[in-house]
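One structure below.
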Amino acid sequence: QVQLVESGGGSVQAGGSLRLSCAASGFTSGSTWLAWFRQAPGKERMVVAAIYTGGTNTHYADSVKGRFTISQDNAKNTVYLQMNSLKPEDTATYYCAVRWGWEPFFNPGDYNFWGQGTQVTVSS
């Protein structure tokens with residue numbers, strides 16, 4: 001069974017940092033895209049960052065470039081999202097998701113397996 005478990009969410013003040021983790025199991029993370037999406041109340045779910053486990057490819061939303069960094073461990077079964085200089089507009093539920101294949105697709109509909117999400121709240 002494919003399982004994605006997020007952790008690391010919480011409440012911080014603007015300018016603070018958080019590191020989210022996504023532990024993946026039930027599949028081999030050798031040729032997959034692991035991505036972080038976020039969704040705020042009343043807003044569409046959008047990709048934040050993604051990493052291709054079969055290479056060095058990464059993708060970032062323009063709104064987080066220079067502030068967020070996606071990475072993976074040596075075994076490629078855990079993906080991290082280091083979030084620095086957090087802003088109130090980063091407040092959302094953050095989800096980990098996976099898709100198989102090399103194609104750089106970042107729409108929610110392209111991902112078939114999802115974690116349950118972790119809440120991030122940034123106060124001003």
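Computed with the Debye formula from one identical point scatterer per Cα of segment 1-46, without solvent, the log10 of I(q)/I(0) at q = 0.16 Å⁻¹ comes to -0.64. Taking 7 Å steps out from each Cα toward its Cβ at PHE105 and SER124 produces label points 3.8 nm apart.
Which residue, GLY30, GLY109, GLY101, has the most motion in a Gaussian network model of the chain that connects Cα atoms within less than 10 Å? Residue with maximal mean-square fluctuation among GLY30, GLY109, GLY101: GLY109.
Shown are SER85, SER29, SER11, whose ranking by accessible area with a 1.4 Å probe and every protein chain present, most to least, is SER11, SER85, SER29. Phi-derived couplings, Karplus 6.51 cos²θ - 1.76 cosθ + 1.60 at θ = phi - 60°, listed residue by residue for segment 101-107: x, 8, 4, x, 9, 9, 8 Hz, with x used for Gly and Pro. Solvent exposure of segment 65-124, expressed per residue, is 53 Å² of accessible area, with all protein chains present and a 1.4 angstrom probe.
The P(r) of the chain has a tail past 22 Å containing 26 percent of all C-alpha pairs. Here the simple spin-label model places points 7 Å from the Cα toward Cβ, and for ASN84 and SER17 these points are separated by 0.6 nm.
Here's the picture: a label point sits 7 Å out from the Cα of ASN77 along the beta-carbon direction, and within segment 45-63 the residues with their amide nitrogen under 20 Å of it are 51-55.
The values are calculated or read from the model by the stated rules, or taken from the named source; none is laboratory data. Keep in mind that this is a model prediction, so the values were computed, not measured. Every residue, glycine as well, gets a Cβ built from its backbone with ideal geometry; the counts of neighbours run over all protein chains shown. Heads up: the accessible areas ignore ligands, DNA and RNA and are worked out on the full protein's heavy atoms, side chains in. Shrake-Rupley method; radii C 1.70, N 1.55, O 1.52, S 1.80 Å.
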